[in-house]
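The values are calculated or read from the model by the stated rules, or taken from the named source; none is laboratory data. Since we're looking at a predicted model, the values are computed, not measured. Neighbour counts run over all protein chains shown; Cβ positions are idealised from the backbone, glycine included. The accessibility values were calculated without ligands, DNA or RNA, using every heavy atom of the protein model including side chains. Shrake-Rupley method; radii C 1.70, N 1.55, O 1.52, S 1.80 Å.
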Amino acid sequence: MKLSINKSRSLWWAISCAIILAGIISMVISWQNPNIRAPLRPSLDFVGGTRLQFERDCNKPGNCDKPIDINVVREVAKAQGLGDSSIQIVADKDTRKENGILIRTKNLDREQRIKLQTALSEKVGAFDEQKNQIDTVGPTLGRELFNSGIIALVVSFIGIIVYLTFRFQLDYAIFAIVALLHDVLVTMGMFSIFGLAFGTEVDSLFIVSLLTITGFSVNDTVVIYDRIRETLKTNSNQKITEIVDDAVNQTLGRSINTTFTTMLPLFAIFLFGGETLKNFALALIIGFTAGAYSSIFIASTLLTLWRERTGKYTVGEATGVTDTSVE
Amino acid sequence: MERQRSLLALILILVIAALAFSWRFPAPLGLDLRGGSQLTIEVKPTAEIPQITERELDGVKKVVEGRINSLGVSEPIIQTVGTNKVLVQLPGVNDPEQAERVLGGTAQLEFRLQKPSTETQLLAFQASRAQLKAKQEELRKSQDQAAINKNLEDLKNNNQAIADLFESTKPPLDGKYLTDAYGEPTRQGNNWNVAIRFNQKGGELFAELTKNLAGTGRSIGIFLDNELISAPVVGVEFASAGITGGSAIITGRFTAQQANDLGVQLRGGALPVPVEIAEIRTVGATLGQDSIKTSIYAGIGGLILVLIFMVVYYRLPGLIADIALIVYAILTWASFCLLNVTLTLPGIAGFILSIGMAVDANVLIFERTREELRAGKSLYRSVESGFYRAFSSILDGNITTVIACAALFYLGAGLVKGFALTLALGVAVSMFSAITCSRSLMFVAISIPALRKPELFCPNLPNSGASNQAEVAK
């Protein structure tokens, strides 16, 4: 099997554009949505507030006989002036029965929180203290977290450009970053859609996943670039389209296997791992898939197009060559 | 071949040492895994102090430390974060209510007057306090919560007894009058003193206080959050007017460390900066246990699939890669233990992910080896150039990952840092294991005649047979 990726490159670009466009539309819709007011549905980490998760103690006799009535929980919250909180009934891991309550509200202080907790346990049953999860985040902290995440992303982009310019050439570096932006946009777009469709929230781990995707995706691109550079050195008269096509094909087995072996543990975590890591694993799965795609179909085809247009077919003519071993 | 053998012996020793080390000194678990509360305290600037500097932050940290110790939590972690925050981790605390109450307020520093004829009592109480404190340190290691609480109760009573020996001046001379406090060496240079400075009003109150005490042998009680932190006496030469001018020096054969500590405590108590609890996260103990269990099972499950895939797809080299991967996992885990990396859930995810990614180096090498074999090169040459030619890709790929990790580590906080560190360590160790371990094993393998068959390295080789076999022998 041999792929001629450059032959149908407008198709690859169209696929990517369509996915990214869908994501951007979703981000705009989500921005307009009065309940979200952001491109992606932000979690407590970014907007601040209090999140309470309680689980009933089923070791006590009779405590878990009746299922939790979400309306009762809403009543209790409303009575304390927390009517606009988001309330969910969640299943616990062991019994798969819906014994947990998840409440997200505005910032509660200690007294308000305890009042709510006491009122709830009176209505629905005693909670297991060992399974409580209480998070309170001030809004300033969230903004800081968000900003530092964005800065980290920008800094690593610059770092990667500098490194790749030094190891390869500036145009390689720029297209690698285009591929990176592609992967980041695809992941963000998908999560924006999930946010609209299933209420999926993005937390600080999402920023971590974006950065990991960055590292992984560029890794993939570099392997193909490495091959292109190597062929350019030995066959400088060959057409750039062929060189790139060959390079992609020669590294295809590796690309598929590496993506596959990285995905295996990710799928395992996504399917069976702890609750906190599910969305993290999902973001990585989407990002890594986009990364493999963009390295093969985007970064390389863009490089071909650019070299065709500028006439930089060979290493000899290129500027800023770092490799001195060229004959 | 000698060289490969000794390298393998070295790796074996490393693995055994790593196993022994990680068994003996396991990496500490983060709060999200063991359960507990984490509070972030933000120090707010005011009109007088528009910029929070390290000095203020250290002061606040000292005060927070004092208060946390009074709660009797075992193994608390208190550290400054960024430019204006103090992070407090309280393992095992499921309800941060008490900590929240204790940590929220501003520190109370006060200079008090010792009541007449209480000198011997004070000495006795101070002696028993020293004993109780030493005992507290010991108990904290034992983690016997009941005994810790009992001892804490004794300490509290002792503190109150000491506080009862002092009385406030009128008006009270508290932290708001103090402008500065710092340790400085004595003129002879062999000891340290603590210098304190008051504003004008404070200077007057201090002169009054010292005038009353001078030459009596009674001391000034310096209290922080109602606990006596220092009790200097005033010399008889100040009996007429007290210590005037708004500055004083506490002498007492301090070491540099002690003088600095006292200075920081005084400054912390004098802090006019308000603190606010910016974040509280509490994870129930069993909740943490659940997530660690499922995540580890999932990770190991995924890993086993990777190992199987490698053998099925790459045959003999796949098996070698598997051994290298296991070596990788053991060494990386040991390096977490060695560096005392606190394991959080994202950290463990980073570790599992790095195992998946560590395969990449081997995949690159083996793909390259297969290509060379298909091109008709000898087995030995193919393996050699597989390693040689894949190296630059491996290096480039890993360095870009490390760049992303470095950005995360320097700019991120808390959980994010843990993830970046574990991933970067994983990448570093994977370079070592892929290049050294797989390489040595591979060369040892092809030195064994029974394993020297190209089909074991690459199935469906076009002309596997005569030419390859012949060349191998060289």
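Just a few scattered comments:
- The portion of the accessible surface of the protein assembly as shown made up by carbon and sulfur, rounded to a whole percent, is 59 (1.4 Å probe; DNA, RNA and ligands excluded).
- Estimated FRET transfer efficiency when R0 is 22 angstrom, pair B:Leu319-B:Leu12 (beta carbons, to 0.05): 0.80
- Contour minus Cα-Cα distance for B:Glu237 and B:Gln160 (0.36 nm per residue): 24.6 nm
- Chain lengthening between A:Ser4 and A:Ala18 when straightened (0.36 nm per residue, less Cα-Cα): 2.9 nm
- The stretch B:221-252 and the stretch B:110-136: distance between their alpha carbon centers, rounded to Å: 16
- Taking the centroid of alpha carbons for each part, the stretch B:1-33 and the stretch A:174-190 are 38 Å apart.
- Excluding same-chain neighbours fewer than eight residues apart, the lysines reachable from A:Lys66 by a Cα-Cα span under 24 Å are A:Lys78, A:Lys93, A:Lys97, A:Lys115, A:Lys123, A:Lys131.
- Viscosity 1.002 mPa s, 20 °C: Kirkwood-radius Stokes-Einstein D of the stretch A:29-151 over Cα pairs, µm²/s: 136
- Pair B:Ser168, A:Asp65: separation of 7 Å Cα→Cβ label points (nm): 5.6
- Tilt relative to chain A, helix A:9-32 - C-alpha long axis, 0 to 90 degrees, to 10: 30
- Interface of A with B. Using a 1.4 Å probe and counting protein heavy atoms only, the two chains hide about 5500 Å² of accessible surface, both sides summed.
- Hydrodynamic radius of the protein assembly as shown per Kirkwood, over alpha carbon pairs, in Å: 30.6
- Taken along the Cα-to-beta-carbon direction at a fixed 7 Å, the label points for B:Lys453 and A:Lys115 span 7.9 nm.
- The shape of chain A can be summarised by an equivalent ellipsoid whose semi-axes, obtained from the alpha carbon gyration tensor, come to 51, 19, 16 Å from longest to shortest.
- Cysteines of chain A lacking any other cysteine Cβ under 4.7 Å from their own Cβ: A:Cys17.
- At 1.567 mPa s and 4 °C, Stokes diffusion of chain B via Kirkwood alpha-carbon radius, µm² per second: 48
- Ligands, DNA and RNA aside, A:Cys17 has an accessible area near 80 Å² when probed at 1.4 Å.
- The alpha-carbon of B:Lys453 sits under 24 angstrom from the alpha-carbons of these lysines, leaving out residues fewer than 8 places away in its chain: B:Lys377, B:Lys474.
- The stretch B:304-383: proportion of alpha-carbon pairs further apart than 22 angstrom, %: 36
- Mean-square fluctuations from a GNM of chain A, with a 10 angstrom spring cutoff on Cα atoms, peak among A:Asn71, A:Asn99, A:Asn219 at A:Asn71.
- Lysines with Cα under 25 Å of B:Lys156, excluding same-chain neighbours fewer than 8 positions away: B:Lys61, B:Lys62, B:Lys115, B:Lys133, B:Lys135, B:Lys141
- When the stretch B:5-149 is reduced to its Cα atoms, the Kirkwood hydrodynamic radius in Å: 19.2
- Rolling a 1.4 Å probe over the protein chains gives B:Met431 an accessible area of about 40 Å².
- With kT/(6 pi eta Rh) evaluated at 10 °C and eta = 1.306 mPa s, and Rh the Kirkwood radius from Cα pairs, the stretch B:384-439 diffuses with a coefficient of 131 µm²/s according to Stokes-Einstein.
- Dimensions of the stretch A:210-283 along the principal axes, based on C-alpha atoms and rounded to the nearest Å, stand at 55, 22, 15, largest first.
- Taking every DSSP helix (H) stretch of at least 4 residues in chain B, weighting each as -39,500 (n - 2.57) and dividing the sum by the residue count yields a mean residue ellipticity at 222 nm of -20000 deg cm²/dmol.
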